[in-house]
Amino acid sequence: MSPADDDTTVRAAGCVLWRPAPAPPGLELCLVHRPKYDDWSHPKGKLKPGEDPLAGALREVAEETGYAAEPGTELPTARYEANGRPKEVRYWAAAAGAGAFTPSDEVDRILWLPPDAARARLTEPRDRDLVDALLATRPLGTSH
C-alpha cells in the first residue's frame, strides 16, 4: 500500500504558479504568505474528499492567489510529516491567467519574484526543489 492509499495521509495539491516577465530569466513565480504559519510557499491546500488532485490544485491557486491557472507538467510530489501525520502534496507547473489578489485570513500577501529570489524567499527547502523542477520544464520565455 502506498502512502497515498493510507487513510491517515493528508492529501493536498498545489501549483508552482508562473507568469512571463520582461527581464531574464523571462518568468516570475508567485509565492503566498500564510500568516498562520508566517511562511512563504507555493499555493497549495488540502483536497476535498474525492476531489481530483489537479482540480484541487487549480481550486487552491484561485482561492489563495485570485488567479486562474493553466496547468502544465506535473512536478515532483512532496511527502513529509505535518502535525504528526504523513502528508502528500502533488504539484503542477501552471501559467497564471487572469485574476487579481485579494488578501484573506489564509493568505495575506503574495509576491511575484524571479526564480532565484523566489528560491531564497521560500521557507521550506522542499519548496525550493520545486523551483528547479519548474525550470527544468522550460516554460515559455525561459532560457538555459
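Tell me the Kirkwood radius of the chain: reciprocal of the mean inverse pair distance over distinct alpha-carbon atoms, in Å.
In the chain this quantity evaluates to 15.3 Å.
If you filter segment 19-73 for GluC sites (Glu not before Pro), then keep DSSP loop positions with at most 16 other Cβ within 10 Å, what is left?
Details: sites: Glu28, Glu51, Glu60, Glu63, Glu64; in loops: Glu51.
Passing sites in segment 19-73 are Glu51.
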Checklist entry - Packing-wise, with mean Cβ within 10 Å as the measure, how do 102-109, 73-80, 113-120 rank, highest first? => result 113-120, 73-80, 102-109
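For the chain, what's the relative contact order in percent, using C-alpha pairs closer than 8 Å and at least 6 residues apart?
Details: 307 pairs, mean separation 46.4, N = 144.
This gives 32 percent for the chain.
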Item to check | C-alpha long axis of helix 125-136 to longest principal axis of the chain, angle in ° | outcome: 50
Checklist entry - Using alpha carbons only, how many degrees (0 to 90, rounded to 10) separate the axis of helix 53-65 from the longest principal axis of the chain? => result 60
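We did not get these values from a lab; they are worked out from the coordinates using the rules stated. On a predicted model such as this, the values are computed, not experimentally measured, just so you know. FYI the Cβ positions are ideal-geometry reconstructions off the backbone, even for glycines, and counts take in every protein chain you see.
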